[in-house]
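Below is one structure, written out as structure tokens, with a few remarks after it.
Just so it is clear, none of the values below were taken in a lab; they were calculated from the coordinates. Computed from a prediction, not measured in an experiment: that's the story for all the values here. Counting neighbours? That spans all protein chains shown, and the Cβs are built from the backbone with ideal geometry, glycine included.
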């Protein structure tokens, strides 16, 4: 198992450690509900250093990234970030990622921890046509996500940059806590605002300690379990649950990051789905009855016909209700009411738009 640079800090905080994507990661420090609500109402910090970072540069880097990604990279200006999908020849999602344009001919791709090797091999395979320089920085960088409504006030203590001027999906490279060349970005995966700090491994402990030693803030460490419940409340997809190589961006309601006119890999198949409709759709649902949905639970219609499966589910600490995401056969979505099979009971739920809060 791999460990992040901050592993000893997590142990000292008595975190519950689990194996996640080949890393020993903190899943919780207290209760998931407590950590979740602390991020919604205050400020928390996640160690997400297991995430991958792949740099692509060179005179042909734009053409390679445009070919790889579902979104339109030509719209991405220096200092901006863009949510994206890497797609395969069948229109399936190899990974979802965030692309940063660092310089005119340099891009940084932030990929999921479980997909680093797969993405690396896929990108290099496609690069035969483009001859760009590709560097895997995943083992050299740590990543902290400082999230919550008080994240800006906390982070502002450590930089002379005016963070209030940083729009969503933007970033700067500046000094943070006296350490130069830190990427400070504003993308977020919790829906509560905040910043991501990309830090050389040698400086990660110093910045972690500086954040926790800052007076006047009730900063708490937050584990991956609360990160999951937070993202479900926002209706955000998790790779391996809600999206994978067998699901397309169109099926996953990601048409907004799918620009077929850029001719990315697999665009022809996705274009057909957009024009003719897909066989299934990812929907959000909210339980009417008191229960908790989980990944893998079957979904039925009012006539007890099997029409889909839950991909993500939880009890929302904010709504105090069971919520989740599920793929349904699009031809059978004729009613806003569905039924989730939980143990031996069919629990009534309604289809709702995301985010849930």
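A few remarks follow.
- Cα principal axis extents for the chain, largest first, Å: 63, 50, 39
- Restricting the calculation to Cα atoms, every distinct pair contributes to the Kirkwood radius of the stretch 218-357, found to be 15.8 Å.
- The length gained on full extension between residue 263 and residue 330, counted as 0.36 nm times the residue separation minus their Cα-Cα distance, comes to 21.5 nm.
- DSSP beta bridge pairing in the chain, given as percent antiparallel to the nearest 5: 95
- Computed over the chain, the per-residue total of -39500 (n - 2.57) for DSSP H runs of n ≥ 4 gives a 222 nm mean residue ellipticity of -6000 deg cm²/dmol, rounded to 500.
- Ordered by the count of other Cβ atoms within 10 Å of each Cβ, fewest first, 9, 101 give 9, 101.
- Label point 7 Å beyond Cα of residue 72 along Cβ direction - residues of the stretch 79-98 with amide nitrogen under 18 Å: 80-85
- Mean separation of Cα contacts under 8 Å, 6 or more apart, over the residue count of the chain: relative contact order %: 18
- 25, 51, 1 arranged by Cβ crowding within 10 Å, fewest neighbours leading: 1, 51, 25
- Remark on the stretch 141-257: hydrodynamic radius 15.6 angstrom, per the Kirkwood mean of 1/r across alpha carbon pairs.
- Inter-probe distance in nm under a simple model that places probes 7 Å from Cα toward Cβ, at residue 357 and residue 16: 1.9
- For the stretch 1-159, radius of gyration divided by Kirkwood radius, i.e. Rg to Rh on alpha-carbons: 1.02
- Principal axis box of the stretch 77-194, alpha-carbon based, largest edge first, Å: 45, 27, 26
- Cα centroid separation, the stretch 140-166 to the stretch 272-347: 37 Å.
- Stretched out straight at 0.36 nm per residue, the stretch from residue 31 to residue 275 would grow longer than its current Cα-Cα span by 83.3 nm.
- Per-q log10 I(q)/I(0), the stretch 279-357, q = 0.24 Å⁻¹ (Debye; single scatterer per alpha-carbon; no solvent): -1.11
- Chain lengthening between residue 304 and residue 246 when straightened (0.36 nm per residue, less Cα-Cα): 18.3 nm
- Among 85, 155, sorting on how many other beta-carbon atoms sit within 10 Å of each Cβ, with the fewest leading, yields 155, 85.
- More than 20 Å apart - percent of Cα-Cα pairs taken over the stretch 52-136: 21
- Each distinct pair of alpha carbons in the stretch 169-210 adds a 1/r term; the inverse of their mean, the Kirkwood radius, is 10.9 Å.
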